Amino acid sequence: MDIYVGNLAYSMTDDELRELFSAHGAVSSARVCIDRMTSRSKGFGFVEMPNSEEAQAAIAALNGRTIGERALRVNESQPKPRSDAPRSGGFGGGGRREGGGDRRERGGGSSRW
């Protein structure tokens, strides 16, 4: 079962997150999400536990628990909602271009052509 863990201390490491959940059962993986631009923690992470009963016990025990002055938010991970809208490449473009064409068609006085 995949578990979302929010409101983590920014200093929390993958190993510390794994250790926190290991007290409640086997942990397949533990990952604190890192911002690519700043290389700092985003304050949340994901833990994968193969046994759903142990995972539910960990959620019950850790949700709301204060770690380093921060109350953890722990719940079953939900899949990221997918948007049906096409994504842009990020460089603008697309759409209808105004203007352009042959200068003679736009008017504007004499032409050297």
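Any read-out appearing in this document is the output of simple, stated calculations on the displayed coordinates, not a laboratory observation. Predicted model only: the values in this text are computed from it and were never measured. Methodologically, a virtual Cβ is constructed for each residue, glycine included, from the backbone with ideal geometry; neighbour enumeration extends over all protein chains shown.
Give a quick list of trypsin sites (Lys or Arg not before Pro) in segment 1-75 that DSSP marks as loop, anything other than H, G, I, E or B, with at most 12 other Cβ atoms within 10 Å.
Numbers: sites: R18, R31, R36, R40, K42, R65, R70, R73; in loops: R36, R40, R65.
Here the sparse-neighbourhood loop sites are R36, R40, R65.
Per residue, what volume in Å³ does the convex hull of the Cα atoms of segment 2-76 enclose? Each step should come with its number before you reach the end.
On the way: hull volume 5.5 nm³, N = 75.
Hull volume normalised by residue count: 73 Å³.
Given 0.36 nm per residue, what is the gain on full extension from N51 to S29 after removing their alpha carbon distance, in nm? Intermediate values should be presented prior to the final figure.
Details: separation 22, 0.36 × 22 = 7.92 nm, distance 1.26 nm.
Fully extending the segment from N51 to S29 adds 6.7 nm.
Can you work out the Karplus-derived ³J(HN,Hα) for every residue in segment 71-79? Use 6.51 cos²θ - 1.76 cosθ + 1.60 with θ = phi - 60°, whole Hz, and x for glycine or proline.
With the stated coefficients, segment 71-79 comes to 7, 5, 10, 10, 7, 5, 5, 9, x Hz.
Give me the number: length gained by fully extending A60 to Y4, i.e. 0.36 nm times residue separation minus the C-alpha to C-alpha distance, one decimal in nm.
The span from A60 to Y4 would gain 18.9 nm if fully extended.
Taking the Cβ of each residue in M12, M37, M1 as the centre, tally the other Cβ atoms inside 10 Å and list the residues starting with the fewest.
Lowest count first: M37, M1, M12.
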